1. Could you list all residues from the stretch 15-35 that are modelled with pLDDT under 90 and of a type in the set (Gly, Ala, Ser)?
2. If you go through the stretch 44-55 one residue at a time, do you hit one that is at pLDDT below 95 and of a type outside the set (S, T, N, Q)?
3. If you take the residues in the stretch 65-85 that are of a type in the set (S, T, N, Q) and surrounded by 10 or more Cβ atoms within 10 Å (Cβ to Cβ), which one is modelled with the lowest pLDDT?
4. Out of curiosity, is Asp38 at pLDDT below 95 and farther than 26 Å from Asn81 by Cα?
5. Restricting to the stretch 21-31, name every residue that is loosely packed, with under 13 Cβ neighbours inside 10 Å and either small (Gly, Ala, Ser) or without any contact (Cβ under 8 Å) to a residue 24 or more places away in the chain (or both).
6. For the stretch 37-69, give me each residue that is touching a residue at least 12 places away in the same chain (Cβ under 8 Å) and over 15 Å from the mean Cα position of the chain (by Cα).
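The values are calculated or read from the model by the stated rules, or taken from the named source; none is laboratory data. These numbers come from a predicted model, not from an experiment. Positions of Cβ are generated from backbone atoms using ideal geometry, with glycine treated the same way; all protein chains shown enter the neighbour counts.
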Amino acid sequence: MFDVKGDKEIMYEQEILLFDIKGFIKEESSYNTDGSLDYSIKYKYDKNYNLVERSKLRHDNDNETENYLYDKNNNLIEEKNMKITNLILG
């Protein structure tokens, strides 16, 4: 994309959303103007389509996960936030 004069390229950040067959968001990805991934968020639901987990993974390893708990009437009764600053795989 270029400016109105057509001589300077304009860069935009991009966000991509993925949904399941019922229309619930499954994944959200955000990209910087250079095309590199800034962060990705994954969503998990229970059988009643209550959000039970939201995990955000960032390019700078400033990651966090939120967990949600519901009662038998699908009322939110607990929310936990865990921040993960370093992830070691091995």
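1. Once the filter is applied, which keeps residues that are modelled with pLDDT under 90 and of a type in the set (Gly, Ala, Ser), the stretch 15-35 yields only Gly35.
2. No, the conditions are met nowhere in the stretch 44-55.
3. Only one residue fits best here, namely Thr65.
4. No.
5. Ile21, Gly23
6. Asp46, Asn48, Tyr49, Asn50, Tyr68, Leu69
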